[in-house]
Amino acid sequence: MFNSACDICATGSFRASSTTDKMYFCKLGFLGASVLLGCWAVVQASPASLGAQRENLLAAKAAPSDNDASIQERTFIQIAPEPCTSASGRAGICRSSYDCAKRREQSDGRCALFNLGVCCVGASTTQTCNARTSSQETTFTNRNYPSAQNAAAGSCPITVSAGSNTCQLRLDMTEFSLAQPNSEGVCATSYLTVTGGSTVPRICGENAGQHLYVDVTSGTDVVLDVISQSVDEKWSIKVTQIPCNSADRAPTGCLQYFTTTSGTISSFNYDSSTTTGGNHLSDQSYGVCIMPQSGYCSITYSQTSGSDFSLTFDPNSFPPTAPGPPLVNGDCTTDYIIIPGATITDSSNIVGTPTTADRFCGLAFPGATSSIQPYNLNFVSNSLEITDGDIDNKGFQLDYTLNRCP
């Protein structure tokens, strides 16, 4: 017999058909992450009937039905749908085992806190230049992938036909290595463009691990085109169609969307694997959104340990022991990030020691906290770098953390 409701939770989900059923929750919160376990427990059932229902559940999970209206389906392990790498090396989305089976996709390895989720890999097609796809999930690669291309491809487009209930595309850059921008930060040689949906800036340089959301109109075509003028470039972009009523859909206007209580946000072409890295891109104007969570009332941004925050001026003109200062508000007019309603964490190095700001630039980030929801950060850059005296600016890499309500 089960010792507690949480023992029943271990089955992953439970089918309820009795009015005597009750809902129990087991919430785990560790290391800045939380997982909610819930289970329906029949409080007036015998041990034998509980065991029988548990066996029926396990059988049902293996082949869930969309048409069984006589019983009510419940999902009891809520897993944030974040990208994952499957046991076989494929790109997937971390989900509960039940959700993965319900989508009729393949679970391939474990993920999430305590390995409570599975890396869910959908029915995917792999396509390259000049292809057209209507698949729910498509991997778009360069020719010769996984090797880099051995000749410049020129224009390499793929047309994605959005389904009748598709309102968004998510692009996951599993691999993305194109030529660096020019001295003004412009993607002039090789770059990705997206047309037919919401505005997406040109993307070039090193962007493995980055993602994009594109708002689309159901039943229309969206074209992803990699303009490649150099050899030794490579890319693998997973394109996922997101239904209009999906919980995975990002808010309108969010080029990037994070759903966990903590994480790291980087500007495009921010390469933390090298000491020099790449420079941030010009002509950028986009929003990064973080999903609000129940029980959390504010968000704090801080500069990632050992990372650079370099948006304006020339960092080489300052000695390593005395890097340039952070700048805020009216001092930020060319390249900057916007955090609405922010309170500055440390203003000791800012002229005038202001306590609030909504614009941040310069060569350091002082930290900021905001309680304005939905949480968002916007990045803006103009079309000039050297002309403005901005040289070797890597961009930014910031950690965010949601703060619990008082």
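For SER294, which of the numbered conditions (1) under 28 Å from VAL222 (Cβ atoms); (2) exposed (fewer than 15 other Cβ atoms within 10 Å of the Cβ); (3) free of Cβ contacts under 8 Å to residues at least 60 places away in the same chain; (4) of a type in the set (S, T, N, Q) fails to hold?
Here SER294 clears every test but (1).
With respect to CYS119, determine if the residue is open to solvent by less than 10 Å² (accessible area, probe 1.4 Å), under 27 Å from ILE79 (Cβ atoms) and of a type outside the set (A, V, I, L, M).
Values: open to solvent by less than 10 Å² (accessible area, probe 1.4 Å): yes; under 27 Å from ILE79 (Cβ atoms): yes; of a type outside the set (A, V, I, L, M): yes.
Yes; evaluated as a whole, the condition is true for this residue.
Consider only pairs whose beta carbons are under 6 Å apart and that are at least six residues apart or on different chains; among these, list those whose first residue lies in region 302-313 and is within 23 Å of THR343 (Cβ to Cβ) and whose second residue is open to solvent by less than 20 Å² (accessible area, probe 1.4 Å) and at pLDDT below 85.
Short answer, once both residue conditions are applied: THR312/ASP390.
From VAL160, VAL194, VAL200, which residue is at pLDDT 95 or above, within 27 Å of PRO81 (Cα to Cα) and touching a Ser or Thr at 6+ places or on another chain (Cβ under 7 Å)? First the steps, then the outcome.
Values: VAL194 fails: touching a Ser or Thr at 6+ places or on another chain (Cβ under 7 Å); VAL200 fails: touching a Ser or Thr at 6+ places or on another chain (Cβ under 7 Å).
Sole residue among the options that is at pLDDT 95 or above, within 27 Å of PRO81 (Cα to Cα) and touching a Ser or Thr at 6+ places or on another chain (Cβ under 7 Å): VAL160.
Considering each residue of region 303-319, count those that are within 22 Å of the chain's Cα centre (by Cα), buried (at least 17 other Cβ atoms within 10 Å of the Cβ) and not acidic (Asp, Glu), and give that number.
4
From the set of residues in region 342-361 that are out of contact with any Leu (no Cβ under 8 Å at 6 or more places or on another chain), over 23 Å from SER282 (Cβ atoms) and touching a residue at least 24 places away in the same chain (Cβ under 8 Å), which is surrounded by the most Cβ atoms within 10 Å (Cβ to Cβ)?
Taking the candidates together, the pick is ALA342.
Going through region 163-186 one residue at a time, which ones are part of a strand (DSSP E or B), open to solvent by 30 Å² or more (accessible area, probe 1.4 Å) and of a type in the set (Ser, Thr, Tyr)?
Correct list: THR174, SER177.
For region 362-388, which positions are out of contact with any Leu (no Cβ under 7 Å at 6 or more places or on another chain), assigned to a loop (DSSP other than H, G, I, E, B) and open to solvent by less than 50 Å² (accessible area, probe 1.4 Å)?
Across region 362-388, the qualifying residues are LEU363, ALA364, PRO366, GLY367, ASN382, GLU385.
Tally the residues that are in a loop (DSSP other than H, G, I, E, B) and closer than 22 Å to TRP235 by Cα, restricting the search to region 93-152.
Restricting attention to region 93-152, the residues satisfying the condition of being in a loop (DSSP other than H, G, I, E, B) are 96, 103-105, 112, 116, 122-123, 128-130, 134-136, 142-152.
Of the ones still in play, those that are also closer than 22 Å to TRP235 by Cα are 122-123, 128-130, 134-136, 142-152.
Total satisfying the criteria: 19.
Somewhere in region 221-236, is a residue part of a strand (DSSP E or B), open to solvent by less than 30 Å² (accessible area, probe 1.4 Å), under 22 Å from ILE158 (Cβ atoms) and charged (D, E, K, R)?
yes
The values are calculated or read from the model by the stated rules, or taken from the named source; none is laboratory data. Given the structure is predicted, the values throughout are model-derived calculations rather than measurements. A quick note on method: Cβ atoms are made from the backbone with ideal geometry, for glycine too, and the neighbour counts reach across all protein chains shown. Quick note on the areas: whole protein, heavy atoms, side chains included, nothing else; ligands and nucleic acids left out. Shrake-Rupley method; radii C 1.70, N 1.55, O 1.52, S 1.80 Å.
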